[in-house]
Each structure stands twice: as structure tokens, then as C-alpha cells.
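The values are calculated or read from the model by the stated rules, or taken from the named source; none is laboratory data. The model shown is predicted, which means the values in this text are computed figures rather than measured ones. Neighbour counts are summed over all protein chains in view; Cβ atoms, including those assigned to glycine, are modelled from backbone coordinates with ideal geometry. Heavy atoms of the whole protein, side chains included, go into the accessibility calculation; ligands, DNA and RNA do not. Shrake-Rupley method; radii C 1.70, N 1.55, O 1.52, S 1.80 Å.
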Amino acid sequence: MSEYWWGRSASEISEYVKNKEISPVEVVQSFLDRIQQVDTKIDAFTQIWSDYALQQARSLEEKIVKGKSPVGPLAGVPVSIKEVICTQRGFTTCASKILAGYRSPYDATVVERLLNADAILIGKVNMDEFAMGSSTENSSIKLTRNPWNLECVPGGSSGGSAASVSAEECVISLGSDTGGSVRQPASFCGCVGLKPTYGRVSRYGLVAFASSLDQIGPLSKNVMDSATTLSVIGGRDPRDTTSVDMPLPDYSERIRKNVDTISMRIGLPKEYFTEDLNEEVKELIMKAVRILEKQGAEIVEVSLPHTEFAVATYYIICTAEASANLARFDGVRYGFRHVDSKNIIEMYKCTRSEGFGPEVQRRILLGTYVLSSGYYDAYYLKAQKVRKLITQDFEEAFQKCDVIVGPTSPTPAFRFGEKTQNPLEMYLSDIYTISVNLSALPAISVPCGLTQSGLPVGLQFIGKHFDEEYLLTVAYLYEINRGQEFGNPPLE
Amino acid sequence: MIRSKISRDEIYHIADLAYLHLDTEQAEKLAADLSEIIGYVEKLNELSTDNVEPMMHAVPMENILREDKVRPSITKEESLRCAPLHDGEYFLVPKILEVD
Amino acid sequence: MEFESVIGMEVHVEINTRSKAFCSCSTNFHAPPNTQVCPVCLGMPGVLPVLNREFVNKAIAVGLALNCSIAKWSKMDRKNYFYPDLPKNYQISQYDLPLCYDGYMNIEVKGKTKRVRVLRAHLEEDTARNTHDLGGGYSGIDFNRSGVPLLEIVTYPDLRSSEEVFVFLTELKQLLEYLEVSDCNMEEGSLRAEANVSVREEGSDLLGVKTEIKNVASFSGVVKAIEYEVERQIQIIQSGGKVVQETRGWDPDRGITFSQRHKESAHDYRYFPEPDLVPLAVSEEWIQQVKQTMPELPQTRRKRFQEEYGLSLYDAHVLTSTKIMADYYEKTVQLGADPKQSANWIQVELQSVLAYENRSIENSPVTPEHIAQLISLVKDDVISGKIAKEVLRKVFKTGKSPEEIIKEEGLVQITDVEVIRAIVKRIVEKNPSQAEQYRSGKDKLFGFFVGLIMRETQGKANPKLVNDLLKEELNK
């Protein structure tokens, strides 16, 4: 092999492939070699589709040689898929025992769209069971390690996605973000993670955790690759009535066009810079703000007064929805079943208790509780009202600014086991990301530096509804002016 | 003062609704966990929300409907393929008694 | 102490859209097991529902026919409970904002008009079907029916007797058939009626403890179950006991209701708004569009038939009992046939032929054109009424028109005076003793001669001419 392809961006790879300067087979082989080399340390992948990936690469090569049909924007780009997204190929387990060995009879809309864009599906990656968690420690399959420090968690729930991109085992990964599950692991692993506006990307084929909050989003090494991916996977899908019929621009083209002339009023929410925020993280965020200021941004203080209620609101709504969404896992039509049950009720109960891990059961119980007779108004309805107030906070803030900037997570990656004993403490670490899901807004985490101990920190940009174009342009402008290349994880 | 918001009996009742089987130890642990979390979320009561409309849907849209057209379904084999137990025609479960 | 029964109905109607409520599978659930299914109606991981527009249209039509208000804004909710026939272990239904609400239906019982108020009619999805007789300690599940659109109609407890319930259900079924929104087949479960029954001291305003009677497969079964249940409750109260609120099944063989334990130990459905479906906003324009597709409803049509065609209440009832029958009748009249003659021919003659052949009017080979032709042939004295009945039978058998049959079989009436006179003469001459007896006062023998003449002419002689000429001949 003359060259390593795994260090390259999606746009580079697809250009080379389209111009026949490199065979997609060579690209894919290079990434498969990389996975062989590093995944024993990282354990990001749950399934590696070597044969299938090479087969895709060969058909793409054939197509390019024939030169008849147009070649897609992700031609030859290796992509990993979170275990929660349905693929006909391989298994879709949600990292849960209850779906061990489950083969989906259909592809998620985003998977269809990736394939249409000539992306190469290279395998599936680890996550917290049913996307419930912030460290990927809740996977029933294995632990995934942070490429920057193997003693630390990769974040979650899309920990496998972030680790696989960070370790350059693939160029892009699709994750899902219900309360920060794309952005927080991106921040922990030093890559870019985009959570699009709710309704921008079809949820068809995303195994539901909390239907009114879930959104699929890309993780990549740079902003441009996430932008390109959003142009591929976004847009109205008749199979998802909550997907919105709105123009879907070619984001990478728009970013290039707008980046030189963009004007910025950047809002810093005062509630995000309290004593709960790690000092080192705070410093890195403020350094990034100064870079943006140098690029002509006007910095304004904004207020999101209901921030302190976001975690409580989020955990009521997401668990309520999850308690219903996860009811279908009963051992009747698919998945794990407890054998030797005396009757159907025992079968249900044992199947579910043995099939779901402790965190999933905890959330199902919490969700069942807040919806149960006599408690609906006090918890669920109340939370939906506070959700409205949180959304209104953002509407008001966006009167004063065009984009909101702050930390993605209050801390850098933590060590294994550090927060597993206290669920509430784990929940509270999602403080900066969950308001965005509650308000259906788009947001992106971009790396902004390393701590003294060499752990990445993510800078979060929050945009207006369906204005990913602006959000991505600002993030890109920051990225190209970041000025500090902190390199790749020390894996060698 | 730590007051248990959710009793063990309540946990069993909720587990019944959610079709989860809990042993005593789990029930104790979950009663404590859930009590702590519920205690925390009751923070929302600090807020007056009397005149606030609940946000029931994330994005304001309405009437997204499909036309009444039949499209081919998956085959019987595909539908049964993932089932833990089937007889080639039906999904099989332990006998359901009418009074269940 | 006198008791009165207080009954409210919950009727589930399977709506006959082509595809299911939330996916594109066919609603033909009688197909072989698990062949009309897809990831959506099997509740596979990752799927999402998409609501069928035609389901909503048909539900609005039913709502309007039941004089309901149509909600300008409504939504779908999740009703959570575990049961093997429910693939997601929640049913998509409507909770606090049903599509149709506050309606009523008037029924006629013992010559009095009674108003039955409709609380609501809401959208939901049907469940799969469980088969319990597979042996080996297993039950089988067929998901073909899973996700078939279902409209649940709930009345106030306004009904006071099983007779009222029967009339209500009959009228409701007729209405649904007119709207062509459902097959309304109780045996096949496309119409399912549940009754909430309680009793109280007559004249009291209080409601007694109710029981809910489920799983009854016919209207007559519902009537019998209610009668049994009312008696049972009265006996309990009279013997100093208390009625327990519960669900009861109906055993048609033993003719009794029996206690059924609940599906779920505690009924706590934990309803909440379905986040996968956006709300429904029904505009005035949408309602008008649905109205334009609605046919004239049975009660209106019944009244019009009485006024426009001078029919009796009874005839109007029979002729509007189904939309097909009413359309058939009106077509016949529109072809120029006398309304009363048409009513008679369709109700009596056509029905008896159909009944004899075990056919229904939908697939009758006799068309309104045939009936109109028969009526006009009789009116014009081309054939006699008696021949006409025979011709009708032949039309039924051959599908040929009455005119063709008459031509082919030479059934045209003999109206030539001289021809008939000659036959009359011959017959009277051949039977001199009977003629003598008649003349001496035995009037009854007139019929004897008519019979002989008709036999001779194979019934084709014009009866009036035969009468006149026979009298003339005998009185000579």
C-alpha cells in the first residue's frame, strides 16, 4: 500500500475516487487495515463488514469505470453506523441483549441515502444500550475506549461512533442524539458531531428511544464532512411524518460561498458559565470565543433562565416516551425470549428483565411512573410545559444573537466507572446538550483544544431552527481559524 | 433529610405495569434510585406554569397523511424470520388463557 | 320496587379502507396468516406510523352522519397495555381530543322518537388475532388484522331496554352501510358492540354500578346478553347484594354472562400524545368536501319516499333498509314505473324470487329495467299479472329481458274478442250440465269455467275479456 487513506477527509477521498486517481477498493482496504490495527485497543466496532465493504467498493469502481451513472457525493467514503440504526446487512442490536442477533428486514432511510450517495458501509459501532447513557458503559456488548486515553470513556451514547471517527477507523459515522448523544462523545473524542434540527433527518429505521427528541446526526473529523453528510441524509421522508418538507441545500457549497462574508452575533448564555463548569474547559471555550471575536464576531451575553430545569424536564419526557417505545420488546416477534415460561405474562416479564440492562430498566420504570394514573399532570404535563418555557428562552436569546456558543460538556472525558454508581450525576453531565433537544434546535460540537492531561474539549454552537447552513458556516469559520492543530490521538 | 418518594410496593406496581420482573434486591435499589431522581425532578414545581401551553410536538406541523394505496407487504417468511418461535404460519407464544 | 335498566354502547367499526390505518398493507385480513404484514404493523424496531387520509375522511363522514361536531384540532395518543395481539404493546388511539364528539342518533321505538346521544367517535387501530387451538400448549398470532382502521363510537347511557339497543344497533348498522364505510359483519368482527349495563330504581337520577359486556358476535346475542345481565343485577340488588364493576363475557350456548378477569391487572393505560404523528386540523373546507361525498342518509330517504312516492311508513322502511335496495327502487321509478307498483313488485315478487334462490339484491340478475318493463307490460295489457310473475322467474334464470322472453315463448296476451269468444263458446258447449247448474243459481261454477278457459289458453287470455264474454255466454 503506497499511501494511508485513513487520515483523509471525505471530500478528499471522494474527489480522488471520482477522478479515478485512487481505487475505492484501495481506500477501503486501507481503512480495514487501520481497524485491524487499532480496534483491538478501542473496541469501537461491534461488526466489521470487511467483505461487504470491499464488495461495495468494487461495484463502485465498476460504476466509475463505466462512467454512465453519476457518482455520489460520498463516493468511496467509509462510514460506520451506530447499532441503533436499522440495516438489512448484519445485525441491529441497539447494544442490548434483547436484540442480540436481530436482523432488520429493512434499511433505515438514512442508510438508503448513504448507499445512494455511494458511501461505503464498513460496519456497525458500539453505544449505550438503546442509546441510554453518556459513556457507552451501558453497552451489553463491550466497553469502548477513548482513543485519547484508553482509561477514559468515549462518551455516549454514540461512543462507538465518536471513537471510530477519532481513531480514523472510518471517515464518517452516523450516530443518534436524544439528549447529546452525538455531541458529547464527539466532544470527548475530539471530533465534530452534528445534531440537526428535529425533523431535518428522517427517523425511519432509527430504533426509537424518545421519539420527540431523537435525531440522527453525523460525526466526522471536520465540519465540512458533517455538512456533506447532512446534505445526503437530510430531507423529507414520506415514512416519517415528523420529517419536514423544507429545501435541503448543498451545505458544503453554501458554506464555502458564505464563509467570507458572514456576520456574527454570538450569544454566550450566562447560565452555561457557572461553577459547575470545569475551569480548564471554561478556559478553552473562552479562547475559542476570542478567536471568533477576531473573525469579526460581536459577542453578546444572553440568558437561558430555565436551563437549571432542563435535566429534570428531559428525564421525565424521554423516559415516558421510552417506556412506550421499548414496550414492543417482549420476545414475541423478534429478539431474545426467556424460554420455559409457564405462561405469557411470565414470558414477558422474564424476557424483559433478562433482556434489558439495569439503566434501561431504570428508565422504563421512571417513564412508567411519571405516566401512571394520578401522576401524569404532576410530571409529564408539567414537563411539557417547562419544555415550552425552555424553547421560549432560546427564541428570546435568538432575538439578540445569531448563534449561541458554549461548552458541549461540563467536563472532559471521565474514567470508567466514575459515574456509573450514581445515575443522577450521570444525567446532570448532559446539562448543556439536552436543552437543544427539548427545543428541537440544531447544534454542533467542534473540538477546541486539549486539557493539560491531553483530553479533547468540545465547543458547542447552537443555531436557529432549520438554519443548519448558518450554524455550519460559523462552525467552519471557527475550525479554519482555530489555529492550533492538536493532532491525532496517541494510538501508536 | 432523605425521604423515600417511592416505596418498594410502588416499585412493584410500576414493574407490573411495565412487565418487568424484579427481585427484592433490585426493587430496593430501584426504589432508592427512582426516589432520588423523582426528588430531583420535583424541582419543576418551583416554576409556575399556569398559563403555559404544553409543547406536545417538537415541530409545529399538522395533517401529514398518506393516500390510501396498498403496497406489497413483506413475505410471511420474512415476517416470521426473526421470531423466537413460529410454526411457519403463526407466531407462537405460551398459551394465552381467555382470562389472562 | 320497579327497576329500569341504563345502557350505554361502545361500538367498534372496522373502516373499509384499502390499506391499513398507519401502513400500506392491505386490509384483507382473511388472507393466509401473516401475509398482510410489514415492519410497521408488526411493530418492528425503528418503524413509524403514517396516518391514512381515507380513514380520516370516512371517520368524518360517520361523525357527520351521527350529528357530531368534528374537532378542528385533534391528535393521536398512545394507549399502553401489554397483550400478544398488540405488536407495539401500545395502541395508537385518541384520548382527550377525539375526532368526532357530541352527536346523537334518533331512533323510533314503539312509535316514539328517542334520542341517543353520542359522546365521541375516535380513530384507533385494530389488534392482531390470536388462535388458541394450535395444541402443544401454544397460542398462535396472526398479524394480518393488526393496524386495520377502527372507529370507536361511544354513546351516553341513554338506552333503557334491550329493544332500544336492538333498534339503535340496527339503525347504526344501516347508517354505516349507507355510508359504505364498513362491511358491518358482526360474525367476522368488522362490527363489535359492547354494552355498559346498570340498573336503578325507576325514576332515579343516579347511575348504578355498571358491568361491561364484551365479545358478543350478533345483535340478537347483545339483546339476550343485556336481558340476562339486567335480570342478574336486579336479583343481586333485591337479595341485598352489590353489583361488582367488571367486564363480563357472553356464553351464547348457556345463555349467560360470566365474569372475565381484566387483561391487565390494573387498568392504567398511561395515555400520552403519540409523538410520531403530527396533529390533525380539520378545516371547514375539509368537512364540506366529505359532505359532498356522503349519500342521502336512511332516515331522510325514508321520509322522502313517503312524501315523494306516496309510500306507507312500512313500505318506506323496507325499501330503505339498505342503500342498494333504495337505489334499486328509485331507479325503477325513474324508468317511468308507477311508484306503488314498483314498491309492490320489488318488495313482494322480486324478494320472494330472491329468497327462493337464496340470493340478495346486490347480485340479482333482475335489473330495475326488467322490473319497469314488466310493470309497463302488465299495464299495457300485453301480459297478465299472473304471466308477469312467471316471466320474472324466467328473467331471473336467464338474464333475458321480459320482452325477449314473452316473444320467445309466445306469452303475449290474447286480447282478440272473437278468438276468446270462440273458446268460451266451445268450453260452455262441452260442459252443458255445469252451465245448467250455473244458470240455476250455482254462481261458484263461474270459476270452474274461467279455469278451463285459462288452461286452454295457457293463461294468456285477457282475464277481463274472459270474464265479460263468459258472463255473456252463460247468461244467454
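Structure above, values below:
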quantity	calculated
Exclusive hit being surrounded by 24 or more Cβ atoms within 10 Å (Cβ to Cβ), among the hydroxyl-bearing types (S, T, Y) and at pLDDT 95 or above, set A:S158, A:S140	A:S158
Condition broken by C:I107, with the remaining ones in (1) closer than 30 Å to B:A83 by Cα; (2) touching a Lys or Arg at 6+ places or on another chain (Cβ under 6 Å); (3) open to solvent by less than 10 Å² (accessible area, probe 1.4 Å); (4) not acidic (D, E) satisfied	(1)
A:N146 being touching a residue at least 40 places away in the same chain (Cβ under 8 Å) and open to solvent by 10 Å² or more (accessible area, probe 1.4 Å)	no
Test: residue in region C:244-266 that is open to solvent by 20 Å² or more (accessible area, probe 1.4 Å), of a type in the set (D, E) and touching a residue at least 12 places away in the same chain (Cβ under 8 Å)	yes
Wholly within region A:189-282, strands (runs of 3 or more DSSP E) carrying at least 2 residues that are crowded, with 24+ Cβ neighbours inside 10 Å	A:192-195, A:215-220
Pick from region A:285-303, criterion part of a helix (DSSP H, G or I) and out of contact with any Phe, Trp or Tyr (no Cβ under 9 Å at 6 or more places or on another chain), ranking: most open to solvent (accessible area, probe 1.4 Å)	A:K294
Region A:17-51, residues that are touching a residue at least 60 places away in the same chain (Cβ under 8 Å), open to solvent by 70 Å² or more (accessible area, probe 1.4 Å) and part of a helix (DSSP H, G or I)	A:K41
Candidates C:V428, C:V424, C:V412, C:V391 - the one that is closer than 27 Å to C:V348 by Cα, touching a residue at least 12 places away in the same chain (Cβ under 8 Å) and crowded, with 17+ Cβ neighbours inside 10 Å	C:V391
Enumeration of residues in region C:133-158 that are under 24 Å from C:L179 (Cα atoms) and of a type in the set (A, V, I, L, M, F, W, C)	C:V148, C:L150, C:L151, C:I153, C:V154
Criterion (touching a Ser or Thr at 6+ places or on another chain (Cβ under 9 Å) and open to solvent by 10 Å² or more (accessible area, probe 1.4 Å)) met by exactly one of A:N488, A:N437	A:N488
Test: residue in region C:105-117 that is under 28 Å from the mean Cα position of the chain (by Cα) and within 14 Å of another protein chain (Cβ to nearest Cβ)	no
Residue selected from region B:75-89 under the condition part of a helix (DSSP H, G or I) and either touching a residue at least 24 places away in the same chain (Cβ under 8 Å) or of a type outside the set (A, V, I, L, M, F, W, C) (or both), by the criterion farthest from the other protein chains (Cβ to nearest Cβ)	B:E77
Complete set of residues in region B:6-47 that are at the interface with chain A (Cβ under 10 Å from one of its Cβ atoms) and either in a loop (DSSP other than H, G, I, E, B) or touching a residue at least 40 places away in the same chain (Cβ under 8 Å) (or both)	B:I6, B:A18, B:Y19, B:L20, B:H21, B:L22, B:D23, B:L47
Every pair of residues 6+ apart whose Cβ atoms lie under 9 Å, when the first sits in region A:338-349 and is modelled with pLDDT of 90 or more while the second is open to solvent by 60 Å² or more (accessible area, probe 1.4 Å) and part of a helix (DSSP H, G or I)	A:H338/A:E354; A:K349/B:D16
Residue that is farthest from B:P94 (Cα to Cα), among those in region C:131-144 that are open to solvent by less than 40 Å² (accessible area, probe 1.4 Å) and in a strand (DSSP E or B)	C:D142
Single residue of region A:73-89 satisfying the filter (open to solvent by 10 Å² or more (accessible area, probe 1.4 Å) and touching a residue at least 24 places away in the same chain (Cβ under 8 Å)) that is nearest to A:A327 (Cα to Cα)	A:R89
Selection count, region A:309-344, where residues are in a helix (DSSP H, G or I), among the hydrophobic types (A, V, I, L, M, F, W, C) and more than 7 Å from every other protein chain (Cβ to nearest Cβ)	6
Failed item in (1) among the hydrophobic types (A, V, I, L, M, F, W, C); (2) assigned to a strand (DSSP E or B); (3) away from chain A (no Cβ under 14 Å), with C:A61 passing the rest	(2)
Test: residue in region C:36-46 that is small (G, A, S), within 20 Å of A:S211 (Cα to Cα) and part of a strand (DSSP E or B)	no
Scope region A:91-111; condition open to solvent by 10 Å² or more (accessible area, probe 1.4 Å), within 21 Å of the chain's Cα centre (by Cα) and either among the aliphatic types (A, V, I, L, M) or more than 18 Å from A:A210 (Cα to Cα) (or both); matching residues	A:F91, A:D107
Selection count, region C:119-130, where residues are open to solvent by 30 Å² or more (accessible area, probe 1.4 Å) and either of a type in the set (K, R) or more than 24 Å from C:A61 (Cβ to Cβ) (or both)	3
